[in-house]
Amino acid sequence: MPDAPDHSARFSAGARTRARIDTTTPHSARFWNYFVGGKDNYPVDREIGDQIMRIFPGLADVAVTSRRFLGRAVRYLAVEQGIRQFLDVGTGLPTADNTHEVAQRVAPDARVVYVDNDPVVLAHANALLAGTAQGATAYLDADLHEPEAVLRAASATLDLSRPVALTVLNTLGHVAEHARARDLVTRYMAGLAPGSHLVISDSTATSEGMIAAAEAYRSSGAVPYHVRPVAEITALFDGLELVEPGVVRVTEWRPEAGEPGGTAGPVDAYGGVARKG
């Protein structure tokens, strides 16, 4: 009979992870979780969230519609493009319809790797790892800024000689320099096979309210988030074949019949999907 499994290392790692969680400063994953109706947030996140809502009520629409964009993009890739491998960088906290849930609902054999190095997300990793028996779901505690290391680790679950969909949603705003963000995207896509796809969405500097909300968030002591002009979001897809309708507001990217009602006005978030030839 095999020895009983030793869970002490896992419990120790869990304790270390919890010790890294700062509940006194607003946190982007928890802040976003609050806006999409999640419960994995703390009073400090709700306080700054409520403050920003008074400045810019439209931010809640950005959070909700960006999540819907993710679902539509993943379904498009799985159903219309036959993609069976997904690399989700900047995972954030799990809510409803995470990448693996959407992909495996239409393609049970889909393989999904989540990437984040945030202690809050790491503490919830087990919630992300419940995929289908036919497919695979894995989580990497890794850094967005190290594409080659991320790809090496992801290759334990994904076959990088075959097409992969790289999703980077509401994450690149943490990279202050536009040139640096472009370089990171280029390096990720360089390690993926032809036929791979890139999915990006992010908040944009398309209204005074969004710009003021980003400034209020930076002033809260949280890790800054930089909103960009639409042209800079579009430039992240340089060298790839954009899928119609191109880079548009997330509400306008292939809306689906029967989707929950839209917002009262245009949202300050743009996204797109592109193919590596």
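Scanning region 147-166 for residues that are β-branched (V, I, T) and farther than 22 Å from L77 by Cα turns up nothing. Here V247 meets the list (1) closer than 24 Å to I55 by Cα; (2) touching a strand residue (DSSP E or B) at 6+ places or on another chain (Cβ under 9 Å) almost entirely, failing just condition (1). For region 208-228, which residues satisfy the criterion of being touching a His at 6+ places or on another chain (Cβ under 9 Å) and at pLDDT 85 or above? A214, Y225, H226, R228 - these are the residues of region 208-228 that are touching a His at 6+ places or on another chain (Cβ under 9 Å) and at pLDDT 85 or above. Could you tell me whether R249 is modelled with pLDDT of 95 or more and within 18 Å of R67 (Cβ to Cβ)? It is true that R249 is modelled with pLDDT of 95 or more and within 18 Å of R67 (Cβ to Cβ). Pairs meeting the criteria (first residue in region 212-234 and part of a helix (DSSP H, G or I), second residue of a type in the set (D, E, K, R) and surrounded by 14 or more Cβ atoms within 10 Å (Cβ to Cβ), beta carbons under 8 Å, at least 6 apart or on different chains) are I233/D202. Residues in region 222-237 that are touching a helix residue (DSSP H, G or I) at 6+ places or on another chain (Cβ under 7 Å) and surrounded by fewer than 16 Cβ atoms within 10 Å (Cβ to Cβ): V223, P224.
For G90, the criteria (1) buried (at least 16 other Cβ atoms within 10 Å of the Cβ); (2) of a type in the set (G, A, S); (3) free of Cβ contacts under 8 Å to residues at least 60 places away in the same chain; (4) in contact with a strand residue (DSSP E or B) (Cβ under 9 Å, 6 or more places away or on another chain) hold in every case but one, which is (3).
Pairing residues of region 138-167 that are farther than 25 Å from G272 by Cβ with residues that are assigned to a loop (DSSP other than H, G, I, E, B) and at pLDDT 95 or above, at Cβ distances under 8 Å and at least 6 apart in sequence or on separate chains, gives A138/A156; A138/T157; S161/A193. Just so you know, in region 64-77 the residues that are of a type in the set (G, A, S) and buried (at least 23 other Cβ atoms within 10 Å of the Cβ) include one that is farthest from G49 (Cα to Cα), and it is A73.
For region 185-211, give me each residue that is under 16 Å from the mean Cα position of the chain (by Cα) and either polar (S, T, N, Q) or more than 25 Å from R68 (Cα to Cα) (or both). Scanning region 185-211 gives S201, S203, T204.
The values are calculated or read from the model by the stated rules, or taken from the named source; none is laboratory data. Computed from a prediction, not measured in an experiment: that's the story for all the values here. All Cβ positions, even for glycine, are placed from backbone atoms using ideal geometry, and neighbour counts span all protein chains on display.
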